[in-house]
Amino acid sequence: MGNICGDNHDLGWDSRSNKNRPNFNMHGMARRWDGGKIYYLNLVNRANEELYFKVEAAIQKWNQWNGENCQWVIASMDTPYCVNFVDAAVPFDPKSSCGCWKKQDQTIQLSKTYQNGQPIRVACILHEMMHTAGFRHGDNYQGITNYNSVPLGANDPYSLMNLGHVVQGNYPNNPEVLSRADSGDIFSKGDLQAIKLLYKYPKQHHGIWHRPCNPNKCTKDFCHCNSCGLMPNGVNCGYTGTMQGHWTCCLNEEQDMHCGNHTGFWHAPCTEYECTDIYCICRNCSTSCFYRGKKGHWSCCLKTEEWAECTQSPYKI
């Protein structure tokens, strides 16, 4: 299984200042691969010949089916970052990270078999490659999404991210299914459409860009340069970070990064004692917002986790 991108953090800070802002870039860490090109190195030990060539087959099949929208490309000496296919001598379940982390040590970890003894098939490797492209499991395995909430089809039981996760290498004893799992010709229509949507038709920003704070004027406790603060609707910007530039809609710290799937804005937790579940005195929320409480929340879906997937977004297949 691939690791889920994004963690739940305590967001107890004043959105009008930099006070107590955690030192992490939650939204800028994992992202799409620029230009739809996923750079890689196959570092599987050549002595492990069978696994090495399964990786090669998986890459070839990915590019055959998805090359127009998203392509795996061999890294060169000039490639600033890539993902490495690596192997181990002992059986273990495959592991990978979600999205592009812009690091040289990003890996897809493989072995010949799962811990349950089932062989690693080409389809299993493609499942981990889907994680690396940006897709992950949903809260339940019937609703498969990526970190930007592009669904792979809730009613698509044959998706690589659904079937490929549930079976753990133990594919149904059906000649056609086993043949497709071994050959890599197993992408579902939901898989193909989700990859196309993520890399070819990303959502555009609906907020504004706040430039970085001026280090000569601002401190970690407060922004004096007016780079951040009130948004046009009169609500404080909900950004959490380290005085970096950011989008007010998705909170991404990279200006050229595509927007998340939320159609509203993140409202930071209330900070004033006088705030109630209905009336916000600190201006972190607005009277037009339907949320009731003092926690941070998205104004669109009212979810209280900053990393949560939006249930109200029209940005779907």
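The values are calculated or read from the model by the stated rules, or taken from the named source; none is laboratory data. These numbers come from a predicted model, not from an experiment. Virtual Cβ from ideal backbone geometry, glycine too; neighbours counted across all protein chains shown.
So the check is Cβ under 7 Å with 6+ separation or different chains; which pairs have a first residue in region 172-200 that's assigned by TED's automatic domain parsing to the domain that holds Met161 and a second one that's of a type in the set (Val, Ile, Thr) and assigned to a helix (DSSP H, G or I)?
Ala181/Val122; Asp182/Val122; Ser183/Val122; Gly184/Val122
Which one of these is among the small types (Gly, Ala, Ser), in contact with a His (Cβ under 7 Å, 6 or more places away or on another chain) and assigned by TED's automatic domain parsing to the domain that holds Ile281: Gly238, Gly229, Gly234? Spell out the reasoning first.
Values: Gly229 fails: in contact with a His (Cβ under 7 Å, 6 or more places away or on another chain); Gly234 fails: in contact with a His (Cβ under 7 Å, 6 or more places away or on another chain).
Criteria check complete, one pass: Gly238.
Are any residues in region 193-207 surrounded by 16 or more Cβ atoms within 10 Å (Cβ to Cβ) and in a helix (DSSP H, G or I), and if so, which ones?
Gln193, Ala194, Ile195, Lys196, Leu197, Leu198, Tyr199
Tally time: how many residues in region 208-243 are under 24 Å from the mean Cα position of the chain (by Cα), buried (at least 19 other Cβ atoms within 10 Å of the Cβ) and part of a loop (DSSP other than H, G, I, E, B)?
Looking only at that region, the number is 6.
Report, by residue number, each residue of region 51-70 that is surrounded by fewer than 17 Cβ atoms within 10 Å (Cβ to Cβ), farther than 11 Å from Gly184 by Cβ and at pLDDT 95 or above.
Passing the criteria: only Phe53.
Take region 286-311 and flag every residue that is of a type in the set (Val, Ile, Thr), within 27 Å of the chain's Cα centre (by Cα) and at pLDDT below 90. Steps first, please.
Here is the first cut: in region 286-311, the residues of a type in the set (Val, Ile, Thr) are 287, 304, 311.
With within 27 Å of the chain's Cα centre (by Cα) added as a condition, the list becomes 304, 311.
Within region 286-311, just Thr311 meets the criteria.
Quick check on region 250-260. Is at least one of its residues closer than 30 Å to Trp33 by Cα and modelled with pLDDT of 90 or more?
Narrowing region 250-260 to residues closer than 30 Å to Trp33 by Cα: 250-260.
Filter once more, so that each one left must be modelled with pLDDT of 90 or more: none.
Looking for residues that are closer than 30 Å to Trp33 by Cα and modelled with pLDDT of 90 or more, one finds none in region 250-260, hence no.
What are the residues in region 261-282 that are farther than 15 Å from Tyr239 by Cα, buried (at least 22 other Cβ atoms within 10 Å of the Cβ) and touching a residue at least 24 places away in the same chain (Cβ under 8 Å), if any?
Asn261
Here are some conditions: (1) touching a Ser or Thr at 6+ places or on another chain (Cβ under 7 Å); (2) over 20 Å from Cys289 (Cβ atoms). Thr263 meets all but one. Which one does it not meet?
The one condition Thr263 does not meet is (2).
I need the full set of residues from region 79-129 which are of a type in the set (Phe, Trp, Tyr), under 25 Å from Arg180 (Cα atoms) and in contact (Cβ under 8 Å) with a residue 40 or more places away in the chain, in order please.
We begin by selecting, within region 79-129, every residue of a type in the set (Phe, Trp, Tyr); these are 81, 85, 92, 101, 114.
Add one more test, that the residue is under 25 Å from Arg180 (Cα atoms), and what stays is 85, 92, 114.
Phe85, Tyr114 - these are the residues of region 79-129 that are of a type in the set (Phe, Trp, Tyr), under 25 Å from Arg180 (Cα atoms) and in contact (Cβ under 8 Å) with a residue 40 or more places away in the chain.
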